[in-house]
Amino acid sequence: MMDVVIPPFERFYAEHRDAVYGHLVRLIGRQRAEDAFQETFLRALQGYPSLRHGRYLRAWVFTIATRVAVDDGRRARPEEPGEVDVESLDELPAYAQLEHLADELPEKERAAVVLRYGYDLSYADIGAALESSEEAARQAASSGVRRLRRRLA
Amino acid sequence: MNVVPEALDHRFREAAAALGLLDVLYDVADTPVGPLLLAITERGLCRISFDPEPERETESLAREFGVRVLREPRSVDPVRRELDEYFEGRRRSFDLEIDLGPRSAFTRLVLDELARVPYGDVTTYGSLAARAGNPRAARAVGTIMNRNPIPIVLPCHRVVGSTGNLVGYGGGLHRKRLLLDLEEAPV
């Protein structure tokens with residue numbers, strides 16, 4: 001595939017801001033989504049010049065947003081309402097051990113695997129992040145996992 | 001569908017500017033010669049464009065100055081203010097830092113000389129070429145005027161043909177006429 005040129009940040013931001021905001025509202029509620037939104041796009045700005053191509057930008061920024069929401073959930077006290085509904089924070093360290101392997105996956109599978117097993121997103125959300133369907137997200141994650149298993153075997 | 005609240009959108013843009021994370025900040029200003037895109041870097045004013053379609057201009061700004069291009073009205077206010085004063089006839093020269101970006105030495109020299117042509121005065125392509133050290137480069141100077149990244153502030157509207165005809169203008173001849181009339185130039 002030809003490398004896709006990275007668009008000016010304004011275009012990237014305008015294209016994905018509403019989807020990212022909606023994603024954060026679903027994860028941590030409207031009130032906390034506001035700070036998380038700003039943090040997400042500031043982090044995106046920091047990483048933006050080092051992107052090598054403009055493919056899967058939505059999956060990339062969804063991954064950042066999800067990480068921001070997870071960090072926010074860790075800081076929030078457990079009894080506080082609107083706690084992160086990413087269920088298995090305990091499994092994150094285990095996933096972290098796999099992350100360097102996931103780096104070698106094709107872009108789309110990598111995003112699906114990271115969002116599914118790293119952040120426990122639903123396939124519907126991953127589909128939105130990949131700008132495709134829930135079913136395509138499921139397939140990308142499962143073929144990514146098969147590829148990882150083969151590599152580990 | 002959730003839409004980002006306007007206040008939040010503004011807050012992000014201002015934070016990005018305040019943290020110095022941007023290569024280029026821009027906005028579109030309404031002026032008597034139509035909407036103008038105004039863009040700055042941390043070094044100064046880097047673009048004034050008559051193209052009312054900012055999208056097209058952000059591509060070229062990204063190529064020249066870096067991909068972190070964001071619309072941020074407040075940062076551009078000093079430029080907007082000076083232009084307003086100019087169009088109201090209250091300002092004859094601009095006190096703005098300029099960032100020409102990656103341009104050849106000759107282009108810089110010519111634009112530097114151009115900046116010295118006073119308000120209400122006109123000069124010719126040939127005379128500008130001579131002042132930049134190459135009297136035979138009138139045509140090259142014409143091309144440089146046509147591609148002037150910062151029209152109005154770098155006053156290429158003050159450059160005319162040797163017989164006093166207006167020749168051409170990147171923003172359209174009617175705008176050149178309007179600017180010369182505003183300055184009550186003798187052409």
Cβ density ranking, 10 Å radius, fewest first, applied to B:M145, B:M1 yields B:M1, B:M145
Lys and Arg at +1, Asp and Glu at -1: neighbours of B:G120 with Cβ under 15 Å from its Cβ sum to +3
Put in order of increasing Cβ neighbours within 10 Å, starting from the fewest, A:E10, B:E59, A:E34 give B:E59, A:E34, A:E10
To the nearest 0.05, the calculated FRET efficiency linking B:R139 and B:V3 through their beta-carbon distance, R0 being 51 Å, is 0.50
Counted neighbours (other Cβ, 10 Å), sorted fewest up, put B:V159, B:V76, B:V3 in the order B:V3, B:V76, B:V159
Charge tally for neighbours of B:P155 with beta carbon under 12 Å away, counting Lys, Arg as +1 and Asp, Glu as -1, is +1
Summed over the other residues with a beta carbon less than 9 angstrom from that of B:P54, with K and R at +1 and D and E at -1, the charge totals -4
1/(1 + (r/R0)^6) with r = Cβ-Cβ of B:S93 and A:A14, R0 = 51 Å, i.e. FRET efficiency to nearest 0.05, evaluates to 0.90
Tilt, helix B:77-87 to longest principal axis of chain B (alpha-carbon atoms), in degrees rounded to tens, equals 40 degrees
Between B:R108 and B:E55, the two model label points (7 Å from Cα along the beta-carbon direction) sit apart by a distance in nm of 3.5 nm
To the nearest 10 degrees, the tilt of helix B:105-115 (Cα long axis) against the first principal axis of the alpha carbons of chain B is 80 degrees
Bridge orientation stat for the protein assembly as shown from DSSP, antiparallel percent rounded to 5, came to 65 percent
Hydrodynamic calc, the protein assembly as shown: Kirkwood Rh from Cα pairs, then Stokes-Einstein at 20 °C with viscosity 1.002 mPa s, so D in µm² s⁻¹ is 93 µm²/s
Site B:H10, offset 7 angstrom along Cα→Cβ, radius 15 Å on amide nitrogen, limited to the stretch B:21-50, gives none
Asserting the computed 222 nm helical MRE of chain B (DSSP H runs at least 4 long, -39500 (n - 2.57) per run, divided by residue count, to nearest 500) equals -11500 deg cm²/dmol
Note: B:53-65 gets an average of partner chain Cβ contacts (10 Å, Cβ to Cβ) equal to 2
So the FRET efficiency between A:D71 and B:D181, C-beta based with R0 = 51 Å and rounded to 0.05, is 0.30
To the nearest 10 degrees, the tilt of helix B:54-65 (Cα long axis) against the first principal axis of the alpha carbons of chain B is 80 degrees
Inter-part gap, Cα centre of the stretch A:18-47 to Cα centre of the stretch B:157-178, in whole angstrom, is 49 Å
Per principal axis, largest first, the Cα atoms of the stretch B:34-92 extend in Å by 36, 23, 18
As a percent rounded to 5, the proportion of antiparallel DSSP bridges among beta bridges in chain B is 65 percent
Debye calc, one equal point scatterer per Cα of chain B, no solvent, log10 I(q)/I(0) at q = 0.16 1/Å comes to -1.00
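Each reported figure results from applying straightforward, stated rules to the coordinates on display, with no laboratory input. Please read these numbers as outputs of a predicted model, since none were measured by experiment. Neighbour counts run over all protein chains shown; Cβ positions are idealised from the backbone, glycine included.
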